[in-house]
Amino acid sequence: HGIWDYDLPAAPNLVDIVVDGKPIKAVAQVTKQGHCFVFDRVTGEPVWPIEERPVPVSTVPGEWTSPTQPHPTKPPAFERQGVTEDDLIDFTPELREEAKQILAKYTTGPLYTPPTVVTADNMGTATLPSPSGGANWSGAMVDPETGILYVNSMTLMVSLGLQEVATGRSEFEYTISPNVFFIPGPQGLPIVKPPYGRITAIDLNKGEHVWQVAHGDGPRDHPAIKHLDLPKLGWNTNGALSNGGGVLTKTLLFMIQP
């Protein structure tokens, strides 16, 4: 069942690449998790190894989750994955402290930490990327001549929590809690560090990032941080459900700001 709603959000990209001198007719799939899986579209074999890595398992009574999840060894993730205190906003000590107090109400952990039952002391699992991505419906663009893939993504921390179902209302013992989803940050700012939206260029011939830039101004004019004269932060994704799309030409990359 879809624990994190991490279904594949977009169509894959078909591109011919050359890896270690070998021509490959490839297919690249970007994900909400911030991965880019690359396969030989003729044989179905991964271009670079995919590892099944241990992940946290569910603590919800009666629920079984896989003890491992697939992680591509190349390219690197194009989005932040999992939640720790290091991810929290730190423009000022005051904002940082308030963010720490907010996060203390949630379960945290690496990518694929399962939802927890909401209680008076726990508001669910802080999840990054969110079910909206990472990458989303807009997918990725690829240059057929260079083999470089361009993907826009967002960094939006949400909470995924479960609640017990009243007897007789469902065949399930737990359902998603309607009271928790987007995690509000200090003074209305995002709870995590920027960038909040980004564009990543990935060389599919090498399985490496070429560059990554913030996408959009973001909340840099917010009264709590305006005096810091910050660079572009990536657009403020609080409450957003998807990324804008993009168009790639031979010489220009156009990105739509949602």
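Some notes on this structure:
- Entry comment: accessible area of the chain is 49 Å² per residue, from protein heavy atoms only and a probe of 1.4 Å.
- Distance between modelled label sites at Glu97 and Asn122, nm, 7 Å Cα→Cβ extension: 2.8
- Correct option for Rg/Rh (Cα atoms, Kirkwood Rh) [calculated from the coordinates] among [x] 0.96; [y] 1.00; [z] 0.94: [y]
- Potential extension, Val60-Val42 segment - 0.36 nm per residue separation minus Cα distance: 2.4 nm
- For the pair Asp16 and Glu52, a Förster radius of 30 Å applied to the C-beta separation gives a FRET efficiency near 0.55, rounded to the nearest 0.05.
- For the stretch 91-232, the antiparallel share of DSSP beta bridges with both residues in that region comes to about 90%.
- Cα-based Rg of the stretch 55-181 normalised by 2.2 N^0.38 Å, two decimals: 1.27
- As a fraction of the 1.4 Å probe accessible area of the chain, surface on carbon and sulfur atoms comes out at 55 percent.
- Longest site-free stretch - the chain; sites: GluC sites (Glu not before Pro), DSSP loop, at most 14 other Cβ within 10 Å: 1-144
The values are calculated or read from the model by the stated rules, or taken from the named source; none is laboratory data. Being a predicted model, the structure only gives us computed values, none of them experimental. Glycine gets a Cβ as well: all are built from the backbone with ideal geometry, and neighbour counts include every protein chain shown. Remember, those area values only see protein heavy atoms, side chains included, never the ligands or the DNA or RNA. Shrake-Rupley method; radii C 1.70, N 1.55, O 1.52, S 1.80 Å.
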